[in-house]
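Let me begin by presenting the structure, written as structure tokens, before commenting on it.
Derivation of every value follows stated rules applied to the coordinates shown; laboratory data play no part. It should be emphasised that the depicted structure is a prediction, and the values quoted were computed from it without experimental measurement. Neighbour counts are summed over all protein chains in view; Cβ atoms, including those assigned to glycine, are modelled from backbone coordinates with ideal geometry.
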Amino acid sequence: MLFRQLFDGVSSTYSYLLASRRGGEALIIDPVLEKVDRYIQLLRELDLRLVKAVDTHLIRGTGRTDFQNGDARAQYESIFGRLLRLPDETLVYPAHDYKGDTVSTIAEERRYNPRLQVKSVDEYVELMHNLKLPNPKMMDVAVPANMKVGLHQEEIVRRDCARTAEQAIGEVGQPDVVLIDLRERSERERHGVIPGSLHVPYPALAENTAPGGMLHALATATGKRLLFYCAFGERSAMAVQSAQDAGLSSACHLEGGLAAWKAAGGPIEPPQKR
């Protein structure tokens, strides 16, 4: 496993690059826009393909719930219902830190984090509502950016740009629909493919949906509707946004990805070896 911790002094942000191996897919947790050139350099040096960026927030604290649709009650459920059930020795890395701490453990946080010394969800909500903290650094820049970045599968569903596995099964083979597999070749070899789908790995999506790209030409010249899919539906949901930004308004995706397709009994075939 590859793990890199990076720091931006201006915003006091820790960012993390994670990948299972050299030459594989990678994700960046809590990236900073001004550090993009450094991320690109590191990705090249480690021969990685970036597929996702993730925003989080938390050592000896629990982030903020007083702006950007924060919900202290939901945060309590996440912390006490999930994180604090992890093994005591689990390492905890911060997204932001203003004291110089770089790593903790679940046991340390449970024992020493002052916000976790509550006896009920109501007590936690009361605590979070009365922190009276100053605005974080660069809040006027970060909040508007965060509101625009990322597109959840639920939003795609609301736009009527998603297909359930059952719907997609009924559309396979129709002349006006083309399935696009966004997964890596290694994923295809391990888990198989939906028959008749084209392979366009997610990192190559932008160049293919842009004017002059293969998928853009396919959709505009033939009128075919692009139906994206990946493993669980996250990459394909983002692909819909990318395609629509490029003017391909009819693009949609398979909700729940290949996992939902298999659960619904959809046909699978092994990819052809090259």
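When Arg4, Arg183 are arranged by Cβ crowding within 10 Å, least crowded first, meaning fewest neighbours, the order is Arg4, Arg183.
Name the residues of the stretch 169-189 whose amide N is less than 16 Å from a point 7 angstrom out from the Cα of Asp47 along the C-beta direction? Counting only backbone N, you get 185-186. If the chain linking Glu166 and Ala107 were pulled fully straight, counting 0.36 nm for each residue of separation and taking away their Cα-Cα distance, it would gain 16.8 nm.
How large is the helix-only mean residue ellipticity at 222 nm for the chain, computed as the sum of -39500 (n - 2.57) over DSSP H runs with n ≥ 4, divided by its residue count, in deg cm²/dmol to the nearest 500? Taken over the chain, the calculation gives -10000 deg cm²/dmol. Across all directions, the average projected area of the convex hull around the alpha carbons of the stretch 2-54 is 3.2 nm². In this structure, the residue pairs whose Cα-Cα separation is over 31 Å, taken from Lys35/Lys262; Lys52/Lys99; Lys35/Lys224; Lys224/Lys262; Lys35/Lys99, are Lys35/Lys262; Lys35/Lys224.
Candidate values (i) 66, 18, 15; (ii) 29, 25, 18; (iii) 38, 21, 19 were compared with semi-axes √(5λ) of the Cα gyration tensor in Å computed on the shown model; the agreeing label is (iii). May I ask what percent, to the nearest 5, of DSSP beta bridges between residues of the chain are antiparallel? Just about 50 percent of them are antiparallel. Working from Cα pairs under 8 Å separated by at least six residues, relative contact order for the stretch 153-263 is 33 percent. Extension gain, Arg185 to Lys224: 0.36 nm times the residue separation minus the Cα-Cα distance gives 11.6 nm. Residue exposure proxy: Phe3, Phe80, ordered by other Cβ atoms within 10 angstrom of their Cβ from fewest to most, comes out as Phe3, Phe80. The aspartates and glutamates within cross-link reach of Lys132, meaning a Cα-to-Cα straight distance under 13 Å and a gap of 8 or more places when in the same chain, are Asp66. Please work out whether the stretch 166-252 counts as rounded, prolate or oblate from its C-alpha gyration tensor, where a ≥ b ≥ c are the square roots of the eigenvalues and a/c under 1.5 means rounded, while otherwise a/b larger than b/c means prolate and anything else oblate? Since a/c reaches 1.5 but b/c is at least a/b, the shape of the stretch 166-252 is classed as oblate. Estimated at 0.36 nm per residue, the fully extended path between Ala264 and Arg73 surpasses their Cα-Cα distance by 65.3 nm. This ranking places Asp37, Asp8, Asp71 by how few other beta-carbon atoms lie within 10 Å of each, fewest first, which gives Asp37, Asp71, Asp8. Label-to-label distance, Arg38 versus His199, with points set 7 angstrom from Cα along the beta-carbon direction: 3.6 nm.
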